[in-house]
Amino acid sequence: MQAIQNITLETFLPLSRMRDLAGTAHASYLDAKPFPHVVFDNFFDPALLDLVLEEFPQPGQIKWQSFDNLQEVKLASATETSFGPVTRLLMYHLNSKTFLQFLSAVTGIDNLISDPGFEGGGLHQIVPGGKLGVHADFNRHRDYNLDRRLNLLLYLNKNWRDEYDGFLQLWDRDMTGCAAKVAPLFNRVMVFGTTDFTYHGHPDPLQCPEGMTRKSLALYYFTNGRPAEEVTGEHSTIFKARHADEFKPEPERRLRNFARDLLPPIITRRLRRIL
């Protein structure tokens, strides 16, 4: 990995662009449908993200938190020791006061608080066939009892094609349709508000080639208190089916669940590879 020389704040944060966007992006954020969000393309120095991508761990390279159920099939890690050195510094800068002030200017949400533990965030990776069902996020931090207000996603996928799917879908409040899609393109930043009604996900199984994955960094931001109309009560992630049969197990998954309950791990791992 190439070393970064003469590190300054602007090594990790595009300060001049942030100053410009702080005065112009607020209206776009508020007007976006089906809920407030904004997309910034080519936000960071691409040379910086090349280093982040170079050190991004492959499936099996670290101890990933693995989700494999009807609603989500993905890998995640919020453990700082799993971050490469450049990634770790970038994440720290995205939690900094300087960046929080920028997010407040863009969104109009004051007194944002970052999460040093990256609860639910950090490194996210989806392998071919993986997905994340449409959902509303957990709305309270389990350790700090703070209100979750913003999500930031930074995508790291070069040469991404539409036919791979993996779009972040934004659904309307009544779950009648997808109102917007965001492709997970390299150096694209997506910021959106989180309430009990901001339904989003990438529910279609990923169709990228074997050996390729959908990679992103995720950070969440909080406040101490929020408008009462944004929530219906404290909860964890709430998944929403797009149709009646979406979360019903198929025969292959029923077989996998049966094997996982009855067979030793070495046999279930072998069966998973076969399937």
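Data overview
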| read-out | value |
| --- | --- |
| Amide H within-cut-off set for His202, under 5 Å, with H built and near neighbours excluded | Leu132, Gln169 |
| Overall form of region 104-151 per C-alpha gyration tensor (a/c, 1.5; a/b vs b/c) | prolate |
| Relative contact order of the chain, defined on C-alpha pairs under 8 angstrom at six or more residues apart (%) | 23 percent |
| Neighbourhood net charge (12 Å Cβ-Cβ; Lys/Arg +1, Asp/Glu -1) for Leu100 | 0 |
| Dipole magnitude (debye, nearest 20) for the chain, charges at Cβ of Lys, Arg, Asp, Glu | 720 debye |
| Within region 94-137: backbone nitrogen closer than 12 Å to the Asp143 label point (7 Å, Cα to C-beta) | 115-121 |
| Spin-label proximity, His235 to region 181-215 - amide N less than 16 Å from point 7 Å beyond Cα toward beta carbon | 194-201 |
| Rounded, prolate or oblate (a/c below 1.5 giving rounded, otherwise prolate when a/b exceeds b/c) for region 1-150 by Cα gyration tensor | oblate |
| Cα→Cβ-extended label distance, 7 Å offset, between Gln101 and Asp31, nm | 2.8 nm |
| Heavy-atom accessible area per residue - the chain, 1.4 Å, Å² | 50 Å² |
| Long-range HN-HN contacts of Ala180 with modeled amide H, under 5 Å | Leu170 |
| Positive dipole terminus of the chain, leading residue within His243, Ala105, Thr176 (C-beta point charges) | His243 |
| Global form of region 203-249, assessed from the alpha-carbon gyration tensor, a/c cut-off 1.5 | oblate |
| Carbon/sulfur fraction of accessible area - region 1-87, other protein chains in place, 1.4 Å, % | 51 percent |
| Accessible area of His200 in the full protein assembly, 1.4 Å probe (Å², nearest 10) | 10 Å² |
| FRET efficiency, Lys158 to Ala228 (Cβ-Cβ, R0 41 Å, nearest 0.05) | 0.45 |
| Value of [θ]222 nm, deg cm²/dmol, for the chain, DSSP H segments ≥ 4, -39500 (n - 2.57) each, nearest 500 | -8000 deg cm²/dmol |
| Share of carbon and sulfur in the accessible heavy-atom surface of region 106-187 [1.4 Å probe, %] | 42 percent |
| Karplus-derived HN-Hα couplings along region 174-189 (A = 6.51, B = -1.76, C = 1.60, θ = phi - 60°), whole Hz, x at Gly and Pro | 8, 6, 9, x, 7, 9, 7, 10, 10, 6, x, 7, 3, 6, 9, 10 |
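The values are calculated or read from the model by the stated rules, or taken from the named source; none is laboratory data. Not measured: the values here are computed from a predicted model. Note: ideal-geometry Cβ built from the backbone for every residue, glycine included; neighbour counts use all protein chains shown. To get the accessible areas, we keep the full protein, side chains included, count just its heavy atoms, and leave off ligands, DNA and RNA. Shrake-Rupley method; radii C 1.70, N 1.55, O 1.52, S 1.80 Å.
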